[in-house]
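Student: Could you have a look at this structure, given as structure tokens, before my questions?
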Amino acid sequence: MDEKTIINIGRVFFWTSFLLGNICLFGYIFTKNDSFVEGGLLVVGWGFAVNLSAVLLLIFYGIFNKPKLSICIKSILIMITNVPIAIIYIFLGIYLVCN
């Protein structure tokens, strides 16, 4: 894989998770439909599993292809930018549902 492809992997996972989380959060805020809460929980659970798998694959690829390790780490850093955002959304979602 070339460097652009590796970076794009991180970007695609970041934006997919980010957009799905936003759809669930703002869908609930605007409609108060509990289906968005259920969807948000699924996004968190599946997003964790899928993103963790992608991170592990990038780490293994970088370990076995040493010249690509630094670009794999950059791609991973792009992906894990979603972690603090997800934590904020989880707490905000809990607050909104409980009040």
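Student: With respect to the numbered conditions (1) closer than 21 Å to ILE23 by Cβ; (2) touching a helix residue (DSSP H, G or I) at 6+ places or on another chain (Cβ under 6 Å); (3) not charged (D, E, K, R), which one is the sole condition not fulfilled by LEU58?
Tutor: With (1) closer than 21 Å to ILE23 by Cβ; (2) touching a helix residue (DSSP H, G or I) at 6+ places or on another chain (Cβ under 6 Å); (3) not charged (D, E, K, R) applied to LEU58, the lone miss is (1).
Student: Inspect all residues belonging to the stretch 29-39 and state whether any of them is touching a Phe, Trp or Tyr at 6+ places or on another chain (Cβ under 7 Å), more than 14 Å from ILE94 (Cα to Cα), surrounded by 11 or more Cβ atoms within 10 Å (Cβ to Cβ) and in contact (Cβ under 8 Å) with a residue 24 or more places away in the chain.
Tutor: No, the stretch 29-39 contains no residue that is touching a Phe, Trp or Tyr at 6+ places or on another chain (Cβ under 7 Å), more than 14 Å from ILE94 (Cα to Cα), surrounded by 11 or more Cβ atoms within 10 Å (Cβ to Cβ) and in contact (Cβ under 8 Å) with a residue 24 or more places away in the chain.
Student: Let me ask something additional. Report yes if some residue within the stretch 59-73 is touching a Ser or Thr at 6+ places or on another chain (Cβ under 6 Å), in contact (Cβ under 8 Å) with a residue 40 or more places away in the chain and surrounded by 14 or more Cβ atoms within 10 Å (Cβ to Cβ); otherwise report no. Lay out the reasoning, then the answer.
Tutor: Step one: list which residues in the stretch 59-73 are touching a Ser or Thr at 6+ places or on another chain (Cβ under 6 Å), which gives none.
No, the stretch 59-73 has no match at all.
Student: Please tell me if VAL44 is under 25 Å from TYR95 (Cα atoms), of a type in the set (A, V, I, L, M) and touching a Cys at 6+ places or on another chain (Cβ under 8 Å). Please lay out each step first, then the result.
Tutor: Details: under 25 Å from TYR95 (Cα atoms): yes; of a type in the set (A, V, I, L, M): yes; touching a Cys at 6+ places or on another chain (Cβ under 8 Å): no.
Spelling it out, it is not the case that VAL44 is under 25 Å from TYR95 (Cα atoms), of a type in the set (A, V, I, L, M) and touching a Cys at 6+ places or on another chain (Cβ under 8 Å).
Each reported figure results from applying straightforward, stated rules to the coordinates on display, with no laboratory input. Since the model is a prediction, treat every value here as computed from it, not as a measurement. Note that each Cβ is placed from the backbone with ideal geometry, even for glycine, and that neighbours are counted across all protein chains shown.
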